[in-house]
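None of the figures in this text is laboratory data; all of them are computed from the coordinates on show. Everything quoted here is computed from the prediction, not taken from an experiment. Positions of Cβ are generated from backbone atoms using ideal geometry, with glycine treated the same way; all protein chains shown enter the neighbour counts.
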């Protein structure tokens with residue numbers, strides 16, 4: 001049950017990242033959503049392993065915190081890669 005919550009957190013983080021941290025490609029919505037969702041799923045799973053908490057509890061604060069941190073970290077890496085690989089208009 002908690003994995004659906006992690007997925008929702010990741011999708012929300014992707015929307016927020018796309019809204020407030022726009023890349024040069026304004027039409028790309030799928031990649032930030034996907035990266036945020038994967039980061040949240042990985043962060044939530046890693047938090048359950050590190051903090052010995054159950055992933056079946058959807059209201060576990062350590063799992064939610066680690067899912068948010070995972071989504072933000074994945075999106076930060078994604079934005080750095082996008083900016084480094086974007087063509088320059090010099």
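When 34, 20, 6 are arranged by Cβ crowding within 10 Å, least crowded first, meaning fewest neighbours, the order is 20, 34, 6. Round to the nearest 0.05 the FRET efficiency obtained for residue 77 and residue 30 when R0 = 22 Å and r is the Cβ-Cβ distance. Efficiency, from the Cβ-Cβ distance: 0.85. Listed from fewest to most Cβ neighbours within 10 Å, the set 83, 88 follows the order 88, 83.
Taking 0.36 nm per residue of separation and subtracting the current Cα-Cα distance, fully stretching the chain between residue 69 and residue 15 would add 17.9 nm.
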